[in-house]
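The values are calculated or read from the model by the stated rules, or taken from the named source; none is laboratory data. These numbers were taken from a predicted model, which means no experiment stands behind them. Cβ atoms come from the backbone with ideal geometry, glycine included; neighbour counts cover every protein chain shown.
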Amino acid sequence: MRYEISSKQQKNKFKEMGFFKFWFFSTLFFVTFPISLLFCLLFFGFNKTKQFITALIKDYVQTILIIFILSLSILVFIIYSIVSLFN
């Protein structure tokens with residue numbers, strides 16, 4: 001019984017949100033940052049706020065990695081194109 005209760009508490013609802021809904025909440029959070037953090041702590045509680053911040057950090061890191069990989073692949077393509085002109 002105790003295991004079931006703790007597993008329900010650990011379920012992160014923010015990971016299951018759709019793309020646009022999570023994008024809206026994250027944008028709203030970052031635009032109103034100091035106030036939104038206090039709002040989350042007061043109305044959602046510590047655990048939900050922690051889950052939300054964790055989901056935001058994971059989303060941010062994933063976005064940075066995607067941008068880096070795309071930039072690197074574009075750079076490799078440009079370098080290959082320039083080098084192939086001289087052959």
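Here are a few things to note about the model shown:
- Check on ILE78, assigned to a helix (DSSP H, G or I) and at pLDDT 85 or above: yes
- A search for C-beta distances below 7 Å between a residue of segment 46-71 that is hydrophobic (A, V, I, L, M, F, W, C) and any residue that is part of a helix (DSSP H, G or I), counting only pairs 6+ apart in sequence or on different chains, returns PHE52/CYS40; LEU56/SER26; LEU56/PHE29.
- Restricting attention to segment 1-40, the residues that are farther than 17 Å from THR54 by Cα, modelled with pLDDT of 80 or more and either part of a helix (DSSP H, G or I) or charged (D, E, K, R) (or both) add up to 2.
- Filter result for TYR60 (modelled with pLDDT of 85 or more, in a helix (DSSP H, G or I) and surrounded by 11 or more Cβ atoms within 10 Å (Cβ to Cβ)): yes
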